[in-house]
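The structure under discussion appears below in the form of structure tokens.
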Amino acid sequence: MKFEGDITNDSFKPIGFRESHLFFNSVPLTEDTLRIGAWGIDVGKDWCVRNRILRPDEGSHFYLAGMAKIEFHQVSKVSVSTVLYHSLEQNNDFVRTSDGSKVSLAKEWAIPGKTAHSPYVYRLTGILDWPHGYCELDIHAEGPVRISFDPGRLVNVSHFFESPQNYAYPFI
């Protein structure tokens, strides 16, 4: 079974990306739809109940041990900043310069000639797949935002923290 829902504007806020692994194609924007993947989003019980995903007695907070697909429409601008990690296995080991500063990259894309009237800024923070690092991804969009995922992959967040190796993104 697949859940598909609208998470436009304030409906986006209950979804957490802090533990998630983000996949997005960082080519220049040529159309106004942006699709990203996110393994490991987290959602609260209230959000699940509102969207008829789980019974209310199954926990209070959930981790998606699988991929969510998120589609942003009428995108006018995307910006990303990433602090690079040394390896896939050590997400807290940052690449540093000779003076000890963390190495970071930043990029911004905009659709040429597209003027945004009142875009909503969606901020995702998590682990970027490539270049591998901790990132902040800002997406400026005026249209709907859709999410889809397998609700059978939601686990109580306490299970994730007890055994993250069983639920986190499999690098290899």
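Go through the range 76-100 residue by residue and tally those that are small (Gly, Ala, Ser) and assigned to a strand (DSSP E or B).
Going through the range 76-100 one residue at a time, the tally reaches 3.
It is to be established whether one or more residues within the range 156-166 are modelled with pLDDT of 95 or more and among the β-branched types (Val, Ile, Thr).
no
Of the conditions (1) under 24 Å from THR8 (Cα atoms); (2) touching a residue at least 40 places away in the same chain (Cβ under 8 Å); (3) of a type in the set (Val, Ile, Thr), VAL83 satisfies every one except a single condition; which number is it?
(1)
State which residue is surrounded by the most Cβ atoms within 10 Å (Cβ to Cβ) when the search covers only the range 1-30 and only residues that are part of a strand (DSSP E or B) and modelled with pLDDT of 90 or more.
LEU22
Would the range 119-139 turn up any residue that is of a type in the set (A, V, I, L, M), over 17 Å from the mean Cα position of the chain (by Cα), more than 21 Å from LYS45 (Cβ to Cβ) and surrounded by fewer than 17 Cβ atoms within 10 Å (Cβ to Cβ)?
No, that holds for no residue.
Mind checking which residues of the range 38-70 are surrounded by fewer than 15 Cβ atoms within 10 Å (Cβ to Cβ) and out of contact with any helix residue (DSSP H, G or I) (no Cβ under 6 Å at 6 or more places or on another chain)?
Within the range 38-70, ASP46, ARG50, ARG52, ARG55, ASP57, GLU58 meet the criteria.
If I ask for residues that are part of a loop (DSSP other than H, G, I, E, B) and touching a Cys at 6+ places or on another chain (Cβ under 8 Å), which ones from the range 31-75 would you list?
Residue satisfying the conditions is LEU54 alone.
Does THR115 meet the test of being among the polar types (S, T, N, Q) and at pLDDT below 90?
yes
Looking only at the range 1-44, filter to residues that are more than 14 Å from LEU64 (Cβ to Cβ) and among the aromatic types (Phe, Trp, Tyr); which one of those is nearest to the chain's Cα centre (by Cα)?
The selected residue is PHE24.
For the structure I just gave you, tell me whether ARG50 is basic (Lys, Arg) and over 23 Å from PHE160 (Cβ atoms).
no
Which condition number in (1) surrounded by 13 or more Cβ atoms within 10 Å (Cβ to Cβ); (2) of a type outside the set (Val, Ile, Thr); (3) at pLDDT 95 or above is the one that ASP99 fails?
(1)
The values are calculated or read from the model by the stated rules, or taken from the named source; none is laboratory data. Remember, predicted model here, so these are calculated numbers, not experimental data. So basically every Cβ, Gly included, is an ideal-geometry build from the backbone, and we count neighbours across all protein chains shown.
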